[in-house]
Amino acid sequence: MTSVQRLWRRAREYLGLKALKCRRCGEVIYPPKRACPYCGSRDLEEVALPRRGKVITYTVINVPIEGFPKPTVIAVADLGGAKVMAQVVEGAEELVEGAEVEVVLGKVGRTVEGLEYYMPALRVVSDKSPDEGDTD
Amino acid sequence: MRVAVVGVGMTKVGRLVDKSIRDLAAEAGLKAIEETGWEPPEAIVVGNMLSSLSEQENLGALIADYLGYRGVPAFKVEAACGSGGAAIAVGYSLVRAGIRRVLVIGVEKLTEAPTPVTTRRLAWASDADYELVHGPSFAGLNALLMRHYMSKHGVSREEMGSWAVLMHENGYRNPYAHIRKKVDLQTVINSPVIADPIRLFDACPISDGAAAVYLAAEDEVRRLSDTPVWVAAVANATDAVDVLSRKYLDRLEAAIMSAREAYRLAGVGPGDVDVAEVHDAYSITGVLGVEAMGFAEIGKAAKLVHEGRFAPGDKPTINPSGGLKSRGHPVGATGVYQVVEVVMQLRGDFPGIKVAAEVGAAQNVGGVGSNVTTTILRR
C-alpha cells in the first residue's frame, strides 16, 4: 500500500500528467527516467501529457489486491505517445481496445494510513452519449 | 575456467505447512552437498524474493549456519520471480572469479502468510510509483500483455488454453510437482476469471519449495562427480520494471536479450536445444518465453502448442517438469528448480518425463519480464 508521504512526493507530477521528452530522439518518456531509454540521451525536458487518448489494453481484476475496489479495472492508454496506466472509473462497461478515454480524477484506493486517495483515472468517452469535451 | 554442476537437490513443491524456510533450504541444499560426497562449499548464494513473509531476512547467514557451514561467505540475491536464476548467475560468476565450490539455493515460503498478503507482496515486483499505486495485481499486469498479444496476433482463447493442458499433462508425471492433475481444454477456458483475460488455469499456483545446485570449478569436478553437467552459459538481462516505457507489449525484450547472449556464449542456437524449462507464471508468460528463446516466431508460440508442438518427443521438449503451472512457482526458488530439472534430464535421472538430451536451457523471468536469466547446460 502506498502512503500519504509517497503520494505527496509525486503529487505535482501525478496531477499534472508530467512526462519527459527526449530533445535528441523526440521520444516521450513515461514513467520518467534519468536518461532516455530509447537513445541514451540525458537532454530531456518536462512535458504535460494530453488528457485524452486511446486504450491500448486493459484488464478487469476480479481478485484485487488489498485496498483497491472489486473489481479493479485497469487500462493502459496512449496519451500523446506515452503509455499511461490508470484505473477506469467511468464507463468501464464500454471499455474496448481502441476506446477513447479522458483523464478524470478518481478515488482509486486506500493508503497504509487508511485514507482514501485520488489519482488521475480514466473515463471512457462514449460514442453514444453527447461529447462534453474537456472539462478542465 | 569451465564450471560444472556436481550436485543437485530439491524438495517437493506445494503448500508445505510443516516446513519453514530453513527446513526447505536444508532439505534441498544438503541433498546437493550429499551428491558431492559431503564436500563443504566455499560460498553459499541464496535466491529468494519474499522471505519477509516469514519475518526472516538475512538468509545467507541463517542458512549457512543452519546447514553446518558457519563462517562461510553467504548472502541473498533478489530479482523478484527471477531471484533463483539471478542467484545462479552470481554463483557462476563467483566460481569464474576463483571461488572453487559454490552452493546456490533457491528457497521460497509463500504460504506462511494469508493468500491476500502474499498476493499483495508479489505485486511489489511491479513499479510501485507508476503501476502499483493504481492497483493492478501481478496477474492484472500480465493480463494487460495477454489481451494485447492475443488481439495483435489473432490468437484464440483455445490456442492460449492449450499451454495449460500441455503443462498439466507433463507435470502429472513429476513427483515433485505442486499440482499433479490433468486438465482438458474446456476446463481451462471455462475456469474462473482472475484478471480478464487470465483465468485460474492460466495462472501458476502459490507454492513453497527449495532447490539447490552445487557449482564447481573445472579442476574440482572429477573429484566431486561422476556425472557432471557443464554450464555452457549464464546470461542475465534487464528491462524496465514498468511495462509502460517499453516499445512493445507483445514480447519480453530482456528475455530475448538474455537468450541471445546465452546462445552466443554457449556457441549454440535454438535449434540445438533438446530440452528447455521456460518461465510460465501465466500462459502468456510461457508463450512469450518460448518466443524469446527463439523456438517460435513472435505471435506463433500459442498456435504451435495448440498444434501439438513442444510436447515430449518433440525438439525442443518444453517444460517436461510441468512448468510453473504444474510443478509450481516458489518464486525465488523457481529459477534453481529449472536448472536442477535440466541437469537431471541431461544426467538421465529426472524422475518424471524423460528427454534424451545433450543440450538443455533454463529461462527464469522476474517481474513482468524485467529481470531474466537464461542458463544453457550440456553433458
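The values are calculated or read from the model by the stated rules, or taken from the named source; none is laboratory data. In this text, all values refer to a predicted model and were calculated from it rather than measured experimentally. Positions of Cβ are backbone-derived with ideal geometry, glycine not excepted, and every protein chain shown enters the neighbour counts.
Laid out as a table, the results:
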| read-out | value |
| --- | --- |
| Residue list for the stretch B:263-300, restricted to those being farther than 30 Å from B:Leu122 by Cα and small (Gly, Ala, Ser) | B:Ala266, B:Gly267, B:Gly269, B:Gly271 |
| Test: residue in the stretch B:136-146 that is in a helix (DSSP H, G or I) and surrounded by fewer than 24 Cβ atoms within 10 Å (Cβ to Cβ) | no |
| Cβ pairs under 9 Å, 6+ apart, first in the stretch B:248-266 and within 19 Å of B:Gly299 (Cα to Cα), second of a type in the set (Phe, Trp, Tyr) and not in a loop (DSSP other than H, G, I, E, B) | B:Leu249/B:Tyr149; B:Asp250/B:Tyr149; B:Arg251/B:Tyr149 |
| Residue check for B:Leu122: closer than 20 Å to A:Pro69 by Cβ, in contact (Cβ under 8 Å) with a residue 60 or more places away in the chain and either more than 14 Å from chain A (Cβ to nearest Cβ) or buried (at least 20 other Cβ atoms within 10 Å of the Cβ) (or both) | yes |
| Residues of the stretch A:16-34 classified as away from chain B (no Cβ under 11 Å), within 17 Å of B:Tyr130 (Cα to Cα) and either loosely packed, with under 13 Cβ neighbours inside 10 Å or among the small types (Gly, Ala, Ser) (or both), total | 2 |
| Given (1) outside any helix (DSSP H, G or I); (2) without any contact (Cβ under 8 Å) to a residue 60 or more places away in the chain, number of the condition B:Val102 does not satisfy | (2) |
| Residues satisfying the stated conditions in the stretch B:108-118, i.e. buried (at least 19 other Cβ atoms within 10 Å of the Cβ) and under 14 Å from B:Ala80 (Cβ atoms) | B:Glu108, B:Leu110 |
| Test set (1) under 18 Å from the mean Cα position of the chain (by Cα); (2) within 20 Å of B:Tyr130 (Cα to Cα); (3) more than 10 Å from every other protein chain (Cβ to nearest Cβ) - A:Leu44 fails condition number | (1) |
| Complete set of residues in the stretch B:338-375 that are β-branched (Val, Ile, Thr) and in a helix (DSSP H, G or I) | B:Val339, B:Val340, B:Val342, B:Val343 |
| Among (1) within 14 Å of chain A (Cβ to nearest Cβ); (2) surrounded by 24 or more Cβ atoms within 10 Å (Cβ to Cβ), the one test that B:Ile105 misses | (1) |
| Test: residue in the stretch B:171-184 that is surrounded by fewer than 22 Cβ atoms within 10 Å (Cβ to Cβ), within 9 Å of chain A (Cβ to nearest Cβ) and closer than 24 Å to B:Leu122 by Cβ | no |
| Single match in B:Phe310, B:Phe350 (criterion: closer than 15 Å to B:Gly289 by Cβ and outside the structural domain of B:Val13 (by TED's automatic domain parsing)) | B:Phe310 |
| Any hit, the stretch B:292-314, residues being within 12 Å of the chain's Cα centre (by Cα) and among the charged types (D, E, K, R) | no |
| A:Val89 vs. criteria more than 10 Å from chain B (Cβ to nearest Cβ), among the aliphatic types (A, V, I, L, M), surrounded by 17 or more Cβ atoms within 10 Å (Cβ to Cβ) and not in a loop (DSSP other than H, G, I, E, B) | yes |
| A:Lys83 vs. criteria at the interface with chain B (Cβ under 9 Å from one of its Cβ atoms), in a strand (DSSP E or B) and either closer than 25 Å to B:Thr118 by Cβ or out of contact with any helix residue (DSSP H, G or I) (no Cβ under 8 Å at 6 or more places or on another chain) (or both) | yes |
| Residue check for B:Tyr130: of a type in the set (Phe, Trp, Tyr) and away from chain A (no Cβ under 14 Å) | no |
| Some residue of the stretch B:283-290 being outside any helix (DSSP H, G or I), closer than 22 Å to B:Ala79 by Cα and touching an Asp or Glu at 6+ places or on another chain (Cβ under 7 Å) | no |
| Test result for A:Gly67, at positive phi, within 14 Å of another protein chain (Cβ to nearest Cβ), outside any strand (DSSP E or B) and modelled with pLDDT under 95 | yes |
| Residues that are under 28 Å from B:Lys247 (Cβ atoms) and touching a Ser or Thr at 6+ places or on another chain (Cβ under 6 Å), drawn from the stretch A:73-96 | A:Ile74, A:Val76 |
